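Notes follow the structure.
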Amino acid sequence: MCGIVGYIGNKKAVPILINGLLSLEYRGYDSAGIAVLNSFNNTYKIDFVKDKGRVKVLQDNKDLELLQGNVGIAHTRWATHGSPSKENAHPHLDNSKTFAVVHNGIIENYLELKQKLLDNGYILYSETDTEVIPNLIHLNYKGDILQAISKTLKELKGSYAIEVISPLFPDKIIVAKKDSPLVIGIKDDEKFIASDIPAALSHTNKFYFLDEEEIGIIEQNSVKFFDIDLNEIQKDIKNIDWDAESSEKNGFEDYMLKEIFEQPNAIRETIGSRVSLDKNVNLELDDIDFKNFNKIYIVACGTAMHAGIAAKYSFEKFCKIPTEVDMASEFRYRSPLIDEHTLCIFITQSGETADTIAALKLAKSLGSTTISIVNVMGSSITRISDYTLYTHAGPEIAVASTKAYVCQVTLLNILAIYISERLGIENSDLNIFKQSLLELPEKVKDVLTTIDTIKEIASHVYNQRDLYFIGRGADYAVSMEGSLKLKEISYIHSEAYAAGELKHGPIALIENGVTVIAIATNPNIYEKTLSNLEESITRGANSILVTNQRIINDKINYIINIPEINPILSPIISIVPLQLFAYFIAKNKKLDVDKPRNLAKSVTVE
Ligand code: AGP
């Protein structure tokens, strides 16, 4: 949560920092601020502007014109400690105004550190945990800034990605990180620091990734790295093959709509050369002995977890290994029964989700083999996990995940086939299944043509108070994701139920005016779901049906027809109308679909 950017080079820093902040706003948008080193007669001082609200508020602030320097740091906040306000916005300065800091993360022992500072005569003006950092640097500074920073970092418990500027070192930005992401983009005599790659992609494709408890000293023409004990370390520059255009809206009204429409291509890229007919699936996992495993755990959060639930069926069908799906925040606290015979698969778009990182570390410590399905290259989880498989969805900017989900389900299915082939399990259906996988991009393209129907349906139901999604098997998995999308961006109360469960309690909630959306795509069980929908209609519900079966039923208010596909892969198709449904409901309610309230793209707190 929170986005940080930094710039050092030969240009004025503010416009570059503002652009960086705008592209990182998905990480948090409660308040924003910028600090630069301004010089007058070769004397430097820190000037800053900060305010409550979005980056736009900062952009409109006339004082921004006073920030002329070419070394600067900036921040967009997702509030944790202290409500969104000007005082709590970053940057935070120490009492002597020698050090300015922006921070992403949480300092868990800040109360103890605050007391130490108060005992030493410091005054703290904000309610934040961050304000202790510049003051501690000041307290620890005895003439050597690196020593002061190293000593300060050792006192911090929790997570941080920080940038520090000071008139004491006017040609440098000092950065450090632990459990929060930070990348440094390199271009000739300019350097671009950011929480996420997209914020610097319009400037460069070359990046350094800061690792845990590392410190970077960034100058116009050089970058040096140290561990927390100040031993110098060497790092390689990584080339990132995302293009800047993929981080723009490209004529779409919102990132979410653009990303929904990018799904056919994102799936095609994710399949890439991994799957072809009459050949075994190709994944770089050759040194894993899959015969060793008697259990699979799939662990993730939110939409990524829904992708795991949707793909569980594939692992059980093709690999014949019992497979459990768990949310990372629960998994880590319930002493899971895992050992070296367990394969743990983690799914994450950002690669930075704190709960997923903690669950991954636990699985590793218990001896299991870990594979992570990740979208963001070089992110923290790729560096912790034993093996990483990338979804090639490209940058996902909208807070509500869409294209990452379909790519996750696609890649998990590919992994299931791969394991099945490596185990030598006979399955005459496998080639037909691969054929279906290869058809996915075109089928998703077809389902996008339902857009006008869905827009029309949304215009009739956007003012509803409660909506229920029902389905069986993989359709139930999709129901959960459809319900989450709706909640996230339209703020309408919604729940997902396994269709057969409705009659065991939730049906008491069905009355006139409630809408029930049924997803029924499996030829073997769709009629059962239809019966459950009829039971709701009988009790006064409005009804919407998403199906790939030929159904004529004039009791159902709206039927959305989607292409047929192997039932195991159907979540990749049937989620698309539900994404569009949530999108148009939110548009009808005139809400900001890309930046829904209270949320942030990358959840780096527990
Ligand atoms: C998706 O729409 C959500 N914003 C959220 O549930 C998300 O999927 C979850 O926080 C996990 O994020 P990750 O994939 O980056 O780990």
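Out of all the residues in the stretch 269-282, is one or more free of Cβ contacts under 8 Å to residues at least 12 places away in the same chain, farther than 23 Å from residue 432 by Cβ and either within 16 Å of the ligand (Cβ to nearest atom) or over 21 Å from the mean Cα position of the chain (by Cα) (or both)? The answer is no; no qualifying residue exists. Kindly indicate whether residue 379 is in the same structural domain as residue 278 (by TED's automatic domain parsing), within 11 Å of the ligand (Cβ to nearest atom) and within 20 Å of residue 313 (Cα to Cα). Considered against the rule, which asks whether it is in the same structural domain as residue 278 (by TED's automatic domain parsing), within 11 Å of the ligand (Cβ to nearest atom) and within 20 Å of residue 313 (Cα to Cα), residue 379 comes out as no.
Given the options 313, 333, name the one that is within 15 Å of residue 572 (Cβ to Cβ), modelled with pLDDT under 95 and away from the ligand (no atom under 11 Å from the Cβ). Going through 313, 333 in turn, just one is within 15 Å of residue 572 (Cβ to Cβ), modelled with pLDDT under 95 and away from the ligand (no atom under 11 Å from the Cβ): 313.
Checking each residue in the stretch 93-142 for being touching a strand residue (DSSP E or B) at 6+ places or on another chain (Cβ under 7 Å) and open to solvent by 40 Å² or more (accessible area, probe 1.4 Å) picks out 97, 108. Taken over the stretch 510-525, the residue count meeting the criterion of being surrounded by 13 or more Cβ atoms within 10 Å (Cβ to Cβ) and either of a type in the set (S, T, N, Q) or closer than 11 Å to residue 545 by Cα (or both) is 8.
Just one of (1) away from the ligand (no atom under 14 Å from the Cβ); (2) under 19 Å from residue 382 (Cα atoms); (3) part of a helix (DSSP H, G or I) fails for residue 343. It is (3).
Looking across 472, 465, one residue alone is surrounded by fewer than 22 Cβ atoms within 10 Å (Cβ to Cβ) and closer than 30 Å to residue 542 by Cβ. It is 465. When residue 35 is tested against (1) touching a residue at least 12 places away in the same chain (Cβ under 8 Å); (2) closer than 24 Å to residue 139 by Cβ; (3) surrounded by fewer than 19 Cβ atoms within 10 Å (Cβ to Cβ), only condition (3) is not met.
Could you please give the count of residues in the stretch 143-154 that are buried (at least 17 other Cβ atoms within 10 Å of the Cβ) and out of contact with any Lys or Arg (no Cβ under 8 Å at 6 or more places or on another chain)?
5
Put simply, of 568, 573 the only residue that is open to solvent by less than 10 Å² (accessible area, probe 1.4 Å), touching a residue at least 60 places away in the same chain (Cβ under 8 Å), on the phi < 0 side of the Ramachandran plot and away from the ligand (no atom under 15 Å from the Cβ) is 573.
Matching residues to (1) within 15 Å of the ligand (Cβ to nearest atom); (2) in a loop (DSSP other than H, G, I, E, B); (3) acidic (Asp, Glu); (4) under 27 Å from residue 205 (Cα atoms):
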position	(1), (2), (3), (4)
372	yes, no, no, yes
406	yes, no, no, yes
422	no, no, no, no
426	no, yes, yes, no
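The values are calculated or read from the model by the stated rules, or taken from the named source; none is laboratory data. The model shown is predicted, which means the values in this text are computed figures rather than measured ones. Quick reminder, even Gly has a Cβ in these numbers, built from the backbone with ideal geometry, and neighbours come from all protein chains shown. To get the accessible areas, we keep the full protein, side chains included, count just its heavy atoms, and leave off ligands, DNA and RNA. Shrake-Rupley method; radii C 1.70, N 1.55, O 1.52, S 1.80 Å.
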